[in-house]
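These notes concern the structure reproduced below.
The values are calculated or read from the model by the stated rules, or taken from the named source; none is laboratory data. Quantities reported herein were computed from a predicted structural model and do not represent experimental measurements. All Cβ positions, even for glycine, are placed from backbone atoms using ideal geometry, and neighbour counts span all protein chains on display. Quick note on the areas: whole protein, heavy atoms, side chains included, nothing else; ligands and nucleic acids left out. Shrake-Rupley method; radii C 1.70, N 1.55, O 1.52, S 1.80 Å.
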Amino acid sequence: MSLTWHIVKKDLRALKWPLGFWVLVIVAKLGIGAMLLNADGTEGVNWFLKMDILARMLAGFEFVSFLLTAALIHGDPLVGTTAFWMTRPISGARLLRAKLCWLGLVFGLLPVLVTLPWWLGCGYGPHEIAWAAAETAAIHAAVVLLGLMWSPVVQGYGRFLMWTIVTLFAVPTLVGSIIQGLNHLLQSQGPSDPVMAARMTLGGGIAVAAILGAMIHQYLTLRTRRSITLLAGSAGLIVLVGVAWPWALNIDARVKTWLRQRAAGEWPAAAAPADLKFSSFRYAEVSGPGGRNGTAGKLRLDWDVEGLDIRRPVSGGTWAQLLQSYDGECSLRWPDGNVEPVQARARSGTGSRMDFIGPLPANLEQAQDLAAGHFTTQVDLMPAVAERFANEVPACTLTAHLRLMQFESVTPVSPTSGAYHATGSTSERIAHAEKTGEELEIVFIRRAASLGVDYLGGGVLAPPGPIIRYHLANKERRLVGMYQQIDHRETRIGTVGISWQTLAYRASNRPRAARPTLEAINALNDAELVAVTYREVARFSQEIRSDALQVRRVDPIPDHRP
């Protein structure tokens, strides 16, 4: 065992400068994230975009681990008979163990340790750190596997790069060309999406097994031709599976189901308050395929919620409750009995559209109209599903994920105070405020956990803690100035999502394009910024069903791009 660690330390010394550069790239990327979170807001959106581009470039440089893997293997070459290690009492199995230990320590453990202070500084708990560490290790493992594909069986970096690039381009191109040719010859639409997902999953599994198998075989036997034959045969098998595999294994659906079950405790089905009444879909709009995004279709579902407690005066008339909607699940049942699961995304809708700091509206009809929460859910449709709506009307079941929030407080906030609020991995900060004419422009910087596992699961997890909404209130004029978004940018650094949002607040109802007036400027000067805080009362899932959707067809927006 001591000889194995001696080899590991020898490789660390040999590659210390490239490794130092690699670690420095990771630290620099995280440093940019810290700069974004601590910006004073005067830098402007262009600065944010430049930092985002720089962070993406540094993240790309992290993939130098692909070349470091090849350098590690070529440090003790397996091709030829003149390698130095062959003249020493070192077996191929021992050398393999040493290389695997080196790869695990450097590309598995080291990036997690380097990023750990960033996660802790961003409020990650043990659960979030575990998922973030697994995601980081998985990304680097994929890059390492790419570096191990040809490096054990070829000499020199030139051949290694050439054969790696050829393989990466040749196999997908060959599979796509054969499928396209068969579809044209047979005049068919090709395999279904679940079948394609199964082919990709099986192809990836075969690739991983082939790379590891060829590497182990080469280290244990030094039979280069056999190892190359194993890789070439596996590439042919991947092509065959990609073209001819006929069964849908529903692997992606099973993974998403497991991930949603992981979050099921956050959305219990029996936790919905009894006084909330959920209506069926008022109507559904279908667009696509076509439009700006190519061939994807869209299904828009509109539904209502009644029973929110908004009439009871609280702290001078602020609405008592609001309902927040998050991404959920949706399924379409066609007349032939086929069930099509689709991804549902919460697009808009809250139980209260605005917060009244003054008295409630005297017009009860207006209050009743505001009492009904109007929600919109958007569903992405594959082209074949979108086209099917032209001739058939399915039944629809939507599982909506909701948070009921209760009013807690109204707090005056100085725009120049840099008000900050953090709950776990989420935070919000007023970075900068500036009066321009009759507008108060405020820059908010926010952060939240952005884990890949949540995206795979359909984004069903909701951030904990309260909801804070900022409004410009002029009590003398009995007016709450609403805001208009000027700009909103987002980036993702080390599994942490960082957003930069600029909002313009007005204390008058005049159009924004109109010239400023003295009255509007005085209204702004007399107003104060307030933070309205809501605490979470319940989170639950609610099924909304319709035996037959009332569909309105909407033509897609034509795509005029060249």
> What residues have an amide H closer than 5 Å to that of E329, excluding those fewer than 5 places away on the same chain, when H is modeled at 1.01 Å from N in the peptide plane?
Replying inline: T399
> Packing-wise, with mean Cβ within 10 Å as the measure, how do 196-209, 98-111, 489-502 rank, highest first?
Replying inline: 489-502, 98-111, 196-209
> Could the peptides 81-91, 527-537 be put in order, highest first, of the mean number of other beta-carbon atoms found within 10 Å of their residues?
Replying inline: 527-537, 81-91
> Sorted by mean Cβ packing within 10 Å, highest first, what order do the peptides 52-61, 9-18 take?
Replying inline: 52-61, 9-18
>> Classify segment 127-194 from the C-alpha gyration tensor, please: rounded if a/c falls under 1.5, else prolate or oblate depending on whether a/b exceeds b/c.
In response: oblate
>> Full-extension gain between R226 and R88, please, as 0.36 nm times their residue separation minus the C-alpha to C-alpha distance.
In response: 47.2 nm
>> At 7 Å along Cα-to-Cβ for each site, give me the label-to-label distance between L110 and R552 in nm.
In response: 5.9 nm
>> Given points 7 Å out from each Cα along the Cα-Cβ axis, report the K16 to E519 separation in nanometres with one decimal.
In response: 7.6 nm
> Roughly how many Å is it from the Cα centre of segment 102-116 to that of segment 209-254, as a whole number?
Replying inline: 27 Å
>> Please compute the per residue accessible area over segment 72-191 with all protein chains in place, 1.4 Å probe, rounded to a whole number of Å².
In response: 52 Å²
> What's the carbon and sulfur percent of segment 113-256's accessible surface, probe 1.4 angstrom, rounded to a whole number?
Replying inline: 71 percent
> Distance in nm between label sites at T436 and L49, each 7 Å beyond Cα in the beta-carbon direction?
Replying inline: 1.5 nm
> Rounded to the nearest 10 Å², what accessible area does D380 show when all protein chains are kept and the probe is 1.4 Å?
Replying inline: 60 Å²
